[in-house]
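Here the structure is laid out as structure tokens; the discussion comes afterwards.
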Amino acid sequence: MRTLYARFCLCFTLIAALKIYAQDYTLRTKDVQIKAYDASFYKLIDKKAKAFVLYDKGIWLEGPIMLPDKSLIFSDVKANKVLRYEKNRGVGVYLSPSHFQNGHTLDTNGSLIAASHGKRSIERFENGKWDILVDSYQGKKFNSPNDCIVHSNGDIYFTDPAFGINNTQESYGGKIEQDGEYVYRYTPKNKKLVRLHTPLLKAPNGLALSPDEKTLYIADSQRAYNTKDSTLHAQIIAYTLGQDKNLSEERVFATFKEGFPDGIKVDSLGNVWASGKRGILVFSPQGMLLGEIVLGNVVSNLAFGEDEAKKSVLYITAKNELIKIELP
């Protein structure tokens, strides 16, 4: 009888686990408009590209990153969860509570790195648990780390705006201890933390490196604090990253007439893909706007990946939706 009961419980557990995926799984097409301002844009995305909604039950989705097993994780920041998308299974819960994780990246060993609003830290998942790598600068807690990237030498670059700590739907709140909003470089090998010199930046958000790692791009999303104030910064700033790891040649790379940039990514050709008010804007390495992917929704972030057939895919988080677009 006990054996029969155990089998029943196991079957029930498996069915329940499958339902977690089944009830959240959806796949439908979404209207998308591909607007080219330069003919070269059509080499990056098909003019008749289709967008597929993989999930639409989020509150505020963020931080997508493809894992080595080809699954995709992404944050539902306001739901205090990290979700996972797997082809043919759909979306299930990856981490709950997530302590309001936002951006994600992988380190040089393939370990997952997260920017945590709740823990006010940069943390790493290793050996089955999350470990805080760094959570303060000169003895004072960070604001709410937002996004992070990893250099090929292992250094972690991350932004620390106050968006999270100022919003109790995206953090546990708390007292601001830093005297501003900054960008940092953390070296895990020697645990050295450096605050970068970025005087033009007011509200650092997404960030990305050029393919040769000689240019660092950072989104300045100051307008997020008041979208009606056009005097607030809504731009991407570029820096030359020297061999000595210092930043120089601070310059405005691109400005946004409406909305503001959030997450940004750089493709293998050096083009900068930036989230925006209506979709994604794509800029050449020289800062020329090549085109837009208009989705009619605010985009928070994006990630490049590939499917099982090794076809290039663009994943997009847009408010409550996770969207997929196949690339050439």
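Observations on the model:
- Residues being farther than 25 Å from Y217 by Cβ and more than 18 Å from the chain's Cα centre (by Cα) - total across segment 170-204: 8
- Among the residues listed as G173, G103, G118, the single one being at positive phi and either in contact (Cβ under 8 Å) with a residue 12 or more places away in the chain or surrounded by fewer than 23 Cβ atoms within 10 Å (Cβ to Cβ) (or both): G173
- F74 being part of a strand (DSSP E or B), surrounded by fewer than 19 Cβ atoms within 10 Å (Cβ to Cβ) and touching a Leu at 6+ places or on another chain (Cβ under 7 Å): no
- Count - residues of segment 35-76 that are closer than 22 Å to G206 by Cβ, among the charged types (D, E, K, R) and within 22 Å of the chain's Cα centre (by Cα): 2
- For S230, the conditions (1) open to solvent by 10 Å² or more (accessible area, probe 1.4 Å); (2) in contact with a strand residue (DSSP E or B) (Cβ under 8 Å, 6 or more places away or on another chain) are fulfilled apart from (2).
- Single unsatisfied condition, S40 versus (1) over 23 Å from Y85 (Cβ atoms); (2) modelled with pLDDT of 75 or more; (3) of a type in the set (S, T, Y); (4) open to solvent by 80 Å² or more (accessible area, probe 1.4 Å): (4)
For (1) small (G, A, S); (2) more than 18 Å from I45 (Cβ to Cβ); (3) at pLDDT 95 or above, each residue gets a yes or a no:
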position	(1), (2), (3)
E249	no, yes, yes
G259	yes, yes, yes
K265	no, no, yes
W273	no, no, yes
L281	no, no, yes
V299	no, no, yes
E321	no, yes, yes
I325	no, no, yes
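- Output for segment 296-309, where each listed residue is open to solvent by 10 Å² or more (accessible area, probe 1.4 Å) and among the hydrophobic types (A, V, I, L, M, F, W, C): V298, F304, A309
- Counting only residues that are more than 27 Å from H197 (Cβ to Cβ) and not small (G, A, S), segment 162-185 holds 5 of them.
- Residue pairs whose Cβ atoms lie under 7 Å apart, separated by 6 or more positions or on different chains, with the first residue in segment 311-328 and polar (S, T, N, Q) and the second open to solvent by less than 20 Å² (accessible area, probe 1.4 Å) and assigned to a strand (DSSP E or B), are T317/L61; T317/E62; T317/P64; T317/F74; T317/N301; N320/L61.
- Conditions (1) open to solvent by less than 10 Å² (accessible area, probe 1.4 Å); (2) acidic (D, E); (3) free of Cβ contacts under 8 Å to residues at least 12 places away in the same chain; number of the one not met by D220: (3)
The values are calculated or read from the model by the stated rules, or taken from the named source; none is laboratory data. None of these values were measured; they are calculated from a predicted model. Virtual Cβ from ideal backbone geometry, glycine too; neighbours counted across all protein chains shown. Quick note on the areas: whole protein, heavy atoms, side chains included, nothing else; ligands and nucleic acids left out. Shrake-Rupley method; radii C 1.70, N 1.55, O 1.52, S 1.80 Å.
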